[in-house]
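For reference, the structure discussed in these notes is given below.
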Amino acid sequence: QVQFVESGGGLVQPGGSLRLSCAASGFTLAPYAMGWFRQAPGKEREFVAAISASGGSTNYADSVKGRFTISRDNAKNTVYLQMNSLKPEDTAVYYCAAGQISSRVVRGRIDYWGQGTQVTVSS
């Protein structure tokens, strides 16, 4: 059974940082492109970042470019999202996701979803 365990969410002040982790069990991440999405209250789920299977290529939403960094450690079967300079508008539930290739992940064509972790940016 495929399962993603997301961690690292929480409450942080504006300007602060968080690092999200997504560890897979019953599933090998290595062949898949991986991504992070988020959903704020009352809004649709939106793309945040994607990384190719090899880790050599990344994509970001304009709203997070320069502040967030996606990375992966295939040996640890884990994907990360480093979030810096956080803003209140970054508040959302963050989901990790797996897809066949990065271009499909960016378009939301996802094979497997995680359960999500809450990130709240507030003073």
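Things to note:
- Selected from 65, 43, 76 as most flexible by GNM, with the chain as the system and alpha-carbon contacts under 10 Å: 43
- Reducing region 6-55 and region 83-121 to their Cα centroids gives an inter-centroid distance of 4 Å.
- Distance between modelled label sites at residue 30 and residue 120, nm, 7 Å Cα→Cβ extension: 4.0 nm
- Mean residue ellipticity at 222 nm, helices only, the chain: -1000 deg cm²/dmol; runs of at least 4 DSSP H residues each add -39,500 (n - 2.57), and the sum is divided by the number of residues.
- Length available on full extension from residue 111 to residue 58: 0.36 nm per residue minus the Cα-Cα distance, which gives 17.2 nm.
- Length gained on full extension, residue 103 to residue 87: 3.1 nm, using 0.36 nm per residue less the C-alpha separation.
Taken together, the values in this text are just the output of simple stated rules run on the coordinates, not laboratory data. Just so you know, these numbers come straight off a predicted model, no measurement behind them. Neighbour counts run over all protein chains shown; Cβ positions are idealised from the backbone, glycine included.
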